[in-house]
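Heads up: the structure comes next, in structure tokens.
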Amino acid sequence: MSPASYSDARMFCLFSLISLLMIPVIYSQNWEVKYSSMMKCVLKGSTINVSGTYTLPNNLTVTQTFWTVNPSKNKIINLLAHPVYRGRVQVFKNQDGMIFLHLSYVTHEYEGMYCLRILTNEKDERFLGFPGIELKVTELRLEIPAEIIEGESPVLFCKTTCDLSGKTEFTWYKNGKRLSESIGSNQLLLQSVSSDDTGNYSCAVRDQKHLPSPAVSLSVRYPPKNISVSISPSAEIVEGDSVTLSCSSDSNPPALNFSWFKENQSSAVGSGQSFSISSFNSSHSGRYYCEAQNKHGSQRSESVSVSVKGVQRAALQTVTGIVVGCGGLIFIIIIIIIIVFISRKRRRECGTEDVNQKQTADSSDDTYTALDPVSRTSDIYSTIRSGDSRAPDDTYTALRLQSRSSEYETLAVTSADPH
């Protein structure tokens, strides 16, 4: 081989090698789509953003890009034209070529796979970024132990059906008031619970507090406590009356078993929340207490003293009857006195009238006698004339008669003179 031929052969081999190296550079550019995440878990009612970028061969020009959901071979719909998403979807692009999808007020209907669709100036050069972003919609739910007993340290869980994206911080609430926040954990530990921890609990994602979980009631179980006894009637207990003792307690669940005891007696004297003693007497006097019990334990009350303090009812009624009888007798006597007083007064008035009438009659008789003094004084004059051994008395009588006779004469003269 001549030097010229050898030189040509070397040039051909070098060119061929350069050509082989350049082909992958020119034709190695393929379609490619990258998403911000391949799975997205969001709360129902929240607003989210997903994004993606793409690359394509240099010889193609992009004419349209849009987001679609759950694409199939024969069905690729632009979300902007989808009836479910109308008014709730926005698509925009930043300077770096990243395409964003903004969804608001997501519901379970939004669940699915979201993909980028790219159209170019070549009809046959279209690309679908599949698989896309898997979107799941969940809700918060609070889980607590079925039964919590006083003194235990239960754990509350704020759960979802999928793992929320990012580093999630939870906020806990009791009866609508914030308790605490736990970063990176969906658990709340309650240390040594008591009845004060009873209430309605809920949880929420810290940056989405407007989407809390439904409230769940936490009820702490505990044995009876704060046992007390009341007595009815609360006033003085009268012998023979009925007395009722009532027992009350604070417990969860409510106490169903109640027993009554009398101090210095080994066995119970009664059962039930109320204990009654009929025809109470001194033998029933003493100190009583009750014992309340539920499935978590029991506790007894402080003892109360019950004794007779009032007068016997029968004696009281007898005294009352005597008082009432005496009062009635006194009333009758007063009525009789009033009647007698009125009768005497009337008799007195009638007597006065009779005296006046009698005086009138006597005056009439005197007048008549004056007119006929002889007939009225004949006996007197006869006596004077007959004489008596008692001269001084007769003389006095004679003087009186003479004086009286002169009065009669005066009356007679006056009656005879009409003027």
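For residue 206, the conditions (1) touching a residue at least 40 places away in the same chain (Cβ under 8 Å); (2) over 24 Å from residue 146 (Cα atoms); (3) surrounded by fewer than 17 Cβ atoms within 10 Å (Cβ to Cβ); (4) assigned by TED's automatic domain parsing to the domain that holds residue 156 all hold with the exception of (1). Looking only at residues in the range 191-234 that are hydrophobic (A, V, I, L, M, F, W, C) and more than 29 Å from the chain's Cα centre (by Cα), the one that is nearest to residue 307 (Cα to Cα) is 204. There is no residue in the range 161-169 that is within 22 Å of residue 193 (Cα to Cα), out of contact with any Pro (no Cβ under 6 Å at 6 or more places or on another chain), touching a residue at least 40 places away in the same chain (Cβ under 8 Å) and not assigned by TED's automatic domain parsing to the domain that holds residue 107. In the range 222-237, the residues that are more than 16 Å from residue 277 (Cα to Cα) reach residues that are among the hydrophobic types (A, V, I, L, M, F, W, C) and not in a loop (DSSP other than H, G, I, E, B) with C-beta atoms within less than 8 angstrom, at least six apart or across chains, in these pairs: 222/149; 224/292; 227/247; 227/290; 227/292; 228/247. Go through 146, 81 for me and flag whichever is closer than 30 Å to residue 191 by Cβ, loosely packed, with under 13 Cβ neighbours inside 10 Å and under 59 Å from the mean Cα position of the chain (by Cα). None of the others qualify; the one that does is 146. Restricting attention to the range 297-352, the residues that are under 50 Å from the mean Cα position of the chain (by Cα), surrounded by fewer than 11 Cβ atoms within 10 Å (Cβ to Cβ) and at pLDDT 75 or above total 2.
Being exposed (fewer than 15 other Cβ atoms within 10 Å of the Cβ) and either touching a strand residue (DSSP E or B) at 6+ places or on another chain (Cβ under 9 Å) or in the same structural domain as residue 211 (by TED's automatic domain parsing) (or both) is true for just one of 52, 97. Which residue is that?
Every option except 97 fails the conditions.
Here 179, 188 are screened, and the one residue that is of a type in the set (A, V, I, L, M) and surrounded by fewer than 19 Cβ atoms within 10 Å (Cβ to Cβ) is 179.
Looking across 60, 140, 135, 56, one residue alone is in contact (Cβ under 8 Å) with a residue 60 or more places away in the chain, under 30 Å from residue 196 (Cα atoms) and among the hydrophobic types (A, V, I, L, M, F, W, C). It is 140.
Can you tell me which residues in the range 39-97 are of a type in the set (D, E, K, R) and closer than 25 Å to residue 163 by Cα?
Initially, the range 39-97 is screened for residues of a type in the set (D, E, K, R), giving 40, 44, 73, 75, 86, 88, 93, 96.
Those that are of a type in the set (D, E, K, R) and closer than 25 Å to residue 163 by Cα: 40, 44, 88.
Would you confirm, using the coordinates I've provided, whether residue 240 is touching a helix residue (DSSP H, G or I) at 6+ places or on another chain (Cβ under 7 Å) and at pLDDT below 95? So residue 240 passes the test. Residues being in contact with a Gly (Cβ under 8 Å, 6 or more places away or on another chain) and loosely packed, with under 11 Cβ neighbours inside 10 Å are represented in the range 212-221 by at least one member.
Among the residues of the range 150-176, just one is more than 22 Å from residue 203 (Cα to Cα) and surrounded by 14 or more Cβ atoms within 10 Å (Cβ to Cβ), namely 150. The residues in the range 281-302 that are in a strand (DSSP E or B) and among the acidic types (Asp, Glu) can be counted, and the count is 1.
The values are calculated or read from the model by the stated rules, or taken from the named source; none is laboratory data. In this text the structure is predicted, and so the values were computed from the model without any measurement. Neighbour counts are summed over all protein chains in view; Cβ atoms, including those assigned to glycine, are modelled from backbone coordinates with ideal geometry.
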